[in-house]
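Written below as structure tokens is the structure these notes are about.
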Amino acid sequence: MTFLTRSLIVLMAAATVTACQSRRISETTVYVEREVEAIYAAGVEQLDNRRWSDAADQFDEVERQHPYSEWARRAMLMAAYANYQAGNYDEAISDAERFIALHPGNRSAPYAYYLVAISHYEQIIDVGRDQQATVNALNALQQVVRRYPESRYAQDARLKIDMTRDHLAGKEMSIGRWYLRRGFYLAAINRFRNVLENFETTTHTPEALHRIVESYVALGVDQEATQVAAVLGHNFPGSSWYEDTYRLLTEEGIAIPNPDLQPENPSYWQRAMDRLFG
């Protein structure tokens, strides 16, 4: 049983009652007046059979036929879950956000926020394309953690935040490498600096430092290249990126401080970082 399914079962038991209004019904759904319990049960049956879109239609039908019933509010969130499972992420987000707007203080609100976040998260695409979905996912995941830091959803959101930040850093690296290959060194440096300033805990930090060294060497500013190389060697002495940096500077005849030795001036590394971001 998945994390989402377990959460849904809990919410089904805990959901309470209020009024809401339907706004999306499948064009193939024929209006046949039925008891609310029967419609809701049909939606649950479709969930059990993994017919997600059909389940969403049934839960929407609950709202359409019985908007003021005790089943309407829980049907709204069930529709969001069914749409998420169907891969209808925009619909899932719309359902969940509507639930939040109508019932912000409901005990199921944390789950609604989480559904919004993971629906954005599932739409993240490769770094070669626009990353608006990644930005949306990061913002929504951070909102889950900020609003409900002790909830069961916050733990998963924190893990996804790390992966999302790594993805955004990867996008910056991709653009920076493009600039570097074409000789736009200052533009490349700005992209790599952005990784260090805003995504310093991601896996891309060692490469970003190495690429800045490459850019400085290409510009002929050896002192800056040496200082950035020292920062890389001090923080990531065993990385392949430091090995590449050391090899590059050696081939260019540029001296590099030994990262295993502590400089006499204890503020050396801080000055190097200040110069890097200055």
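The values are calculated or read from the model by the stated rules, or taken from the named source; none is laboratory data. Just so you know, these numbers come straight off a predicted model, no measurement behind them. Backbone-built Cβ (ideal geometry, glycine too); neighbour counts: all protein chains shown.
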- Item | Every pair of residues 6+ apart whose Cβ atoms lie under 7 Å, when the first sits in segment 39-53 and is under 12 Å from Ala79 (Cα atoms) while the second is in a loop (DSSP other than H, G, I, E, B) and modelled with pLDDT under 90 | Tyr40/Trp71
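Take the conditions of a type outside the set (Lys, Arg), in contact with a Leu (Cβ under 9 Å, 6 or more places away or on another chain) and at pLDDT 90 or above and apply them to Pro206. Does it pass? Write out each step before concluding.
Values: of a type outside the set (Lys, Arg): yes; in contact with a Leu (Cβ under 9 Å, 6 or more places away or on another chain): yes; at pLDDT 90 or above: yes.
Judged against the criteria, Pro206 is a match.
Can you go through Tyr121, Tyr153, Tyr114 and tell me which one is in contact (Cβ under 8 Å) with a residue 60 or more places away in the chain, crowded, with 17+ Cβ neighbours inside 10 Å, within 13 Å of the chain's Cα centre (by Cα) and closer than 24 Å to Ala86 by Cβ? Show your work before the answer.
Numbers: Tyr121 fails: in contact (Cβ under 8 Å) with a residue 60 or more places away in the chain; Tyr153 fails: within 13 Å of the chain's Cα centre (by Cα).
Among Tyr121, Tyr153, Tyr114, only Tyr114 is in contact (Cβ under 8 Å) with a residue 60 or more places away in the chain, crowded, with 17+ Cβ neighbours inside 10 Å, within 13 Å of the chain's Cα centre (by Cα) and closer than 24 Å to Ala86 by Cβ.
Can you name every residue in segment 171-193 that is among the small types (Gly, Ala, Ser) and either buried (at least 21 other Cβ atoms within 10 Å of the Cβ) or within 22 Å of Ala225 (Cβ to Cβ) (or both)?
First pass over segment 171-193, keeping only residues among the small types (Gly, Ala, Ser): 174, 176, 183, 187-188.
Within segment 171-193, Gly176, Gly183, Ala187, Ala188 qualify.
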- Task: Could you figure out which of (1) aliphatic (A, V, I, L, M); (2) free of Cβ contacts under 8 Å to residues at least 60 places away in the same chain; (3) more than 28 Å from Tyr216 (Cα to Cα); (4) in contact with a helix residue (DSSP H, G or I) (Cβ under 9 Å, 6 or more places away or on another chain) isn't true of Leu102?
- Result: (2)
- Within segment 44-131, which helices (runs of 4 or more DSSP H) (wholly inside it) include 1 or more residues that are at pLDDT 90 or above and more than 26 Å from Glu150 (Cα to Cα)? 52-65, 72-86, 89-102
- Which one is surrounded by the fewest Cβ atoms within 10 Å (Cβ to Cβ), of the residues in segment 140-149 that are part of a helix (DSSP H, G or I) and in contact (Cβ under 8 Å) with a residue 12 or more places away in the chain? Arg147
- Message: Looking only at segment 64-79, how many residues end up being touching a Lys or Arg at 6+ places or on another chain (Cβ under 8 Å) and either within 19 Å of Glu97 (Cα to Cα) or buried (at least 22 other Cβ atoms within 10 Å of the Cβ) (or both)?
- Response: 1
- Failed condition for Thr134, given (1) surrounded by fewer than 22 Cβ atoms within 10 Å (Cβ to Cβ); (2) at pLDDT below 95: (1)
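Examine segment 261-274 for a residue that is at pLDDT 85 or above, loosely packed, with under 13 Cβ neighbours inside 10 Å and either among the acidic types (Asp, Glu) or farther than 17 Å from Arg193 by Cα (or both), and state whether such a residue exists. Steps first, please.
To start, the set of residues in segment 261-274 that are at pLDDT 85 or above comprises none.
No; the residues of segment 261-274 include none that is at pLDDT 85 or above, loosely packed, with under 13 Cβ neighbours inside 10 Å and either among the acidic types (Asp, Glu) or farther than 17 Å from Arg193 by Cα (or both).
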